[in-house]
Amino acid sequence: MHLKTMKCNPFCLIASLEDPDMFNSPVERTSFEELFHAFDSNITFQYFKSFRRARINFTDAMAATEARAKLHKSDFNGREVRLYFAQSVHIGSPRLEPPKPDKQFLLSPPPSPPVGWEQSKDATPVLNYDLLCAIAKLGPGEKYELQPGTPTTPSVVVHVCGSDQDSSGNEEDMEGGQHPRPKIIQTRRPEYTSSVMH
């Protein structure tokens, strides 16, 4: 859609009404409408309470122009009345046009992708060769500290698992206590002191 310039409607005035009683009192509406009936007897009024505006529709453009010239910034019940010509916006196309097919392939379900579109390849996984080298040098029972601990965070340590021969003993050996299964020791949570003063 192409938005063109706004044009004034010479047959219609918009009145700015600051008095909220104007929209609730029929007596005040009647006295307000009598101001404009002196210029055109076939006027129609539309009141917009939430905007505090009134639309006055004239049948003659000269009558609307004369009414605005004489009543603009005039006093009505102790308040100033401001009058403006209504504006109409002219849209380039009288009907809504479909969107341009620039990004229609992003809609669901997607139609055919545009010409020249290629699917991106997955990134190569990142290998930490320093970590692999450190683990390769470890012997049984040794450990490698990845991240040293701080007063608020635990340290991250890699332990080497036992060999298959150590862990695959028969049931008789386990019952006899020769090869007990190792227990997983719970890592203790570090002490944390709140830095927020109460």
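Since every read-out is calculated from the coordinates, none of them should be taken as a lab result. Only a predicted model underlies this, so the values are computations on that prediction, with no experimental measurement involved. Here the Cβ positions follow ideal geometry from the backbone for every residue, glycine too, while neighbour counts run over all protein chains shown.
Annotations for the structure displayed:
- Most to least packed among 132-139, 23-30, 117-124, 52-59 [average Cβ atoms within 10 Å]: 52-59, 23-30, 132-139, 117-124
- Value of relative contact order over region 3-91, rounded to a whole percent, pairs C-alpha under 8 Å and six or more apart: 47 percent
- For Val157, the residues whose amide H sits under 5 Å from its own are Leu146, ignoring neighbours fewer than 5 places away on the same chain, with H placed 1.01 Å from N.
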